[in-house]
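Only one structure is covered here, and it is reproduced in the block below.
The values are calculated or read from the model by the stated rules, or taken from the named source; none is laboratory data. The shown structure was predicted, so the numbers you read here are calculated from the model rather than taken from an experiment. Cβ placement follows ideal geometry from the backbone for every residue including glycine, while neighbour counts extend to all protein chains displayed. Just the protein is used for accessible areas: all its heavy atoms, side chains included, with ligands, DNA and RNA removed. Shrake-Rupley method; radii C 1.70, N 1.55, O 1.52, S 1.80 Å.
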Amino acid sequence: MLVACGAASVSISSPPAAAPSPRATCAEARTDAEPVDSTRLLALRRSVESGPLYAAAAAGSAARLAACRVDQSLGTITLQYDFTDGSRVRATHDPRIEYSEQVVRLVASIGVPAIEALQRAERAAFGAEGCGIDWRRNEARTAPAEAGATDAVFSGEVCNCQGRIRSDASGRVVELAFKSAC
């Protein structure tokens, strides 16, 4: 089943001034005894903070970074950025299974088609050729956690990559996600 996503929009221009510098400190919430690998953490932060999904969350004029947290559990690093308008970015990376996921929760409606933000996230993760997602075809699913919400899920051929656009009952885009596991 095809779901029209062209009307939904996010802004994904250059990273906003509200973006923290890679030297900004995030609060740590570790659940294991291993120290956080600072090289991996810095690489993940740079990737996330310069990426199109972070830019989408921070694009609203009222959106300023309110908090940043780092969690490490069994080698998996999760970063969470909370913005003052309620938007949120969560990025997870587990090198053991080559798993990466970025989820952005949007509060405000912003500038370009949501599908374009996900296409840019695909190219940021896999280069100009992407991971083989056919952005003209998706599977529509009911979002189990939100009454009336639906997901448009786009799947690729490489590394089980997937883009997802969640819309609320009124059709407004409330979440974007891109993930892969090689």
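Has segment 147-154 got at least one residue that is among the acidic types (Asp, Glu), without any contact (Cβ under 8 Å) to a residue 60 or more places away in the chain and more than 19 Å from Glu116 (Cα to Cα)?
Among the residues of segment 147-154, not one is among the acidic types (Asp, Glu), without any contact (Cβ under 8 Å) to a residue 60 or more places away in the chain and more than 19 Å from Glu116 (Cα to Cα), which makes the answer no.
Hey, could you check segment 109-158 for residues that are under 17 Å from Arg172 (Cβ atoms) and touching a helix residue (DSSP H, G or I) at 6+ places or on another chain (Cβ under 7 Å) and say which is least open to solvent (accessible area, probe 1.4 Å)?
For segment 109-158, the residue satisfying everything is Ala117.
Being farther than 16 Å from Ala124 by Cβ, in contact with a Lys or Arg (Cβ under 9 Å, 6 or more places away or on another chain) and polar (S, T, N, Q) is the filter here; which residues of segment 156-182 pass it?
Of everything in segment 156-182, just one residue is farther than 16 Å from Ala124 by Cβ, in contact with a Lys or Arg (Cβ under 9 Å, 6 or more places away or on another chain) and polar (S, T, N, Q), namely Asn160.
Being surrounded by 17 or more Cβ atoms within 10 Å (Cβ to Cβ) and in contact with a helix residue (DSSP H, G or I) (Cβ under 7 Å, 6 or more places away or on another chain) is true for just one of Ser180, Ser167. Which residue is that? Spell out how you get there, then give the answer.
Values: Ser167 fails: in contact with a helix residue (DSSP H, G or I) (Cβ under 7 Å, 6 or more places away or on another chain).
None of the others qualify; the one that does is Ser180.
Might you check whether a residue that is closer than 21 Å to Tyr99 by Cβ and within 17 Å of the chain's Cα centre (by Cα) occurs anywhere in segment 137-147?
No.
Looking at Ser13, Ser50, Ser100, which one is of a type in the set (Ser, Thr, Tyr) and modelled with pLDDT under 85?
Ser13
For segment 49-73, what are the residues that are in a strand (DSSP E or B) and more than 16 Å from the chain's Cα centre (by Cα)?
Within segment 49-73, Ala66, Ala67, Asp71, Gln72, Ser73 qualify.
Quick one: which strands (runs of 3 or more DSSP E) sit completely within segment 74-182 and have at least 3 residues that are within 18 Å of Leu53 (Cβ to Cβ)?
Per the criteria, 76-83, 88-94, 99-105, 150-155, 162-167, 173-181.
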